[in-house]
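Worksheet: one structure, shown below.
The values are calculated or read from the model by the stated rules, or taken from the named source; none is laboratory data. None of the values given here were measured: they were computed from a predicted structure. Positions of Cβ are backbone-derived with ideal geometry, glycine not excepted, and every protein chain shown enters the neighbour counts.
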Amino acid sequence: MIVVMNKGASEDQIEQVIEKLIGLDFSVHRSTGAVHTVLGAVGPAELVDPEEFKVMDGVMECHRIMTPYQLSARACRPEGTVVRFESGRAGTAEIGGKAVALMAGPGSLEGEAQLMRCAELVARAGARFFRAGGLRPHMAPRQMQALSAESLRLLRKAADTYGLFLAVEIGDVSQLPALEEHADLLVVASRNMRNYSLLEALGAGAKPVLLRRTMAATVEEMLVSADCVLAGGNRNVMVCERGIRTFETSTRNTLDITAIPVVHKLSHLPVLADPSHATGRRDYVAPMARAAVAAGADGLLIDVHPDPDRAIAEGAQSLNAVQFTHLAEQLKTIAAAAGRSL
């Protein structure tokens, strides 16, 4: 259920509504907007008459929401969610506002020199976020655990050197303490979209979360997973369209551009797009990136490598410095035409 309080409703009136909802076995999530306070209540909505709340002091309206997702529904925060970042080295940034966020970096970790070169070139092109794939250093399994901590240190160093926020993929709950210490944004791999123990752990944390849609999930299913994070109290949640499986074989997946306006219609969460993993080919990345921004994406994830042809992994979908810089300039023009900036 969604309860919208009147403009100027007193704290006592808001608390009375919350107490009544809790007494009816609802969990309540409060959102204070510029004008109204909105109470999102998860519980036995089908057993409660909204009229019971409409007559309470300070209540403007009450609606029963029957979709399987409630906390991520647009009605819960009509003005939309803006996720803000602040760092002493990177300054400030936001996702979900007027600016389109650009996240870029390598799909494989190949050492300090490579990471530094990647961070430099993406920063020069205008990206605010340095992103990297999961901690998969492409070495013998016995070396991976020892290298993971070092990889995080190098990622953090590269991001800090060039004034970037750091977005890192999380694959398991066990990685959470280390990633919370080093990363500014935690990216849930598409294969973990339904890893509910991980989603619950992220909901209990404070770090912003970017939830990637798995290739076989509907938009509704993705928003249900987002609800799992929101239910833990973490309000800084975003979703990412990264391609779905269709019968088409010319690309790795099919980037669902329509999912971008659909999510904006159904949900208050910012939505980003990942054309690199969707297409799997660098010659398709730029056209799909341009299309995503034109469709209203709040940000993009782009694979970038100083020398893609020599990348250990995912080089086919990675842009080089010249290609990425040229794309960033094109995106500025498209964003401006849509009344946004890059």
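Quick rundown of the values:
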{"item": "Counted residues, the stretch 294-307 - those being touching a strand residue (DSSP E or B) at 6+ places or on another chain (Cβ under 7 Å) and under 15 Å from residue 98 (Cα atoms)", "result": "4"}
{"item": "Hey, residue 201 over 23 Å from residue 132 (Cα atoms) and either in the same structural domain as residue 267 (by TED's automatic domain parsing) or at pLDDT 95 or above (or both) or not", "result": "no"}
{"item": "Unique match (being at pLDDT below 80, assigned by TED's automatic domain parsing to the domain that holds residue 121 and not polar (S, T, N, Q)) among 153, 131, 136", "result": "136"}
{"item": "Selection from the stretch 36-52 of residues that are aliphatic (A, V, I, L, M) and touching a residue at least 40 places away in the same chain (Cβ under 8 Å)", "result": "38, 41, 42, 45, 48"}
{"item": "Qualifying residue in the stretch 28-42 (condition: outside the structural domain of residue 230 (by TED's automatic domain parsing), assigned to a loop (DSSP other than H, G, I, E, B) and in contact with a helix residue (DSSP H, G or I) (Cβ under 8 Å, 6 or more places away or on another chain))", "result": "no"}
{"item": "Selection within the stretch 295-342 - of a type in the set (Val, Ile, Thr) and out of contact with any Phe, Trp or Tyr (no Cβ under 9 Å at 6 or more places or on another chain)", "result": "312, 322, 325, 333, 334"}
{"item": "Criterion (surrounded by fewer than 24 Cβ atoms within 10 Å (Cβ to Cβ), modelled with pLDDT of 95 or more and of a type in the set (A, V, I, L, M, F, W, C)) met by exactly one of 291, 338", "result": "291"}
{"item": "Qualifying residue in the stretch 326-340 (condition: within 22 Å of the chain's Cα centre (by Cα), assigned to a helix (DSSP H, G or I) and farther than 30 Å from residue 235 by Cα)", "result": "yes"}
{"item": "Subset of the stretch 1-32 (residues that are touching a residue at least 40 places away in the same chain (Cβ under 8 Å) and of a type in the set (Gly, Ala, Ser))", "result": "9, 10, 27, 31"}
{"item": "Qualifying residue in the stretch 269-276 (condition: part of a helix (DSSP H, G or I) and touching a residue at least 40 places away in the same chain (Cβ under 8 Å))", "result": "yes"}
{"item": "Qualifying residue in the stretch 301-324 (condition: touching a residue at least 12 places away in the same chain (Cβ under 8 Å) and either under 17 Å from residue 213 (Cα atoms) or not assigned by TED's automatic domain parsing to the domain that holds residue 212 (or both))", "result": "yes"}
{"item": "Residues that are aliphatic (A, V, I, L, M), part of a loop (DSSP other than H, G, I, E, B) and touching a strand residue (DSSP E or B) at 6+ places or on another chain (Cβ under 7 Å), drawn from the stretch 1-27", "result": "1, 9"}
{"item": "Residue in the stretch 201-209 that is without any contact (Cβ under 8 Å) to a residue 24 or more places away in the chain and not basic (Lys, Arg) present", "result": "no"}
{"item": "Any chance residue 258 is among the hydroxyl-bearing types (Ser, Thr, Tyr), more than 19 Å from the chain's Cα centre (by Cα) and modelled with pLDDT of 95 or more", "result": "no"}
{"item": "Unmet criterion (only one of (1) charged (D, E, K, R); (2) at pLDDT 90 or above; (3) in contact with a Pro (Cβ under 8 Å, 6 or more places away or on another chain)) for residue 86", "result": "(3)"}
{"item": "Matching option when the condition is of a type outside the set (Gly, Ala, Ser), under 20 Å from residue 229 (Cβ atoms) and either in contact (Cβ under 8 Å) with a residue 60 or more places away in the chain or outside any strand (DSSP E or B) (or both), among 115, 71", "result": "71"}
{"item": "Residue match in the stretch 241-251 (condition: hydrophobic (A, V, I, L, M, F, W, C), out of contact with any Ser or Thr (no Cβ under 7 Å at 6 or more places or on another chain) and buried (at least 16 other Cβ atoms within 10 Å of the Cβ))", "result": "no"}
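Residues checked against (1) surrounded by fewer than 19 Cβ atoms within 10 Å (Cβ to Cβ); (2) within 18 Å of the chain's Cα centre (by Cα); (3) not charged (D, E, K, R):
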residue: 66; (1), (2), (3): yes, no, yes
residue: 72; (1), (2), (3): no, yes, yes
residue: 75; (1), (2), (3): yes, no, yes
residue: 89; (1), (2), (3): yes, no, no
residue: 92; (1), (2), (3): yes, yes, yes
residue: 97; (1), (2), (3): yes, yes, yes
residue: 101; (1), (2), (3): no, yes, yes
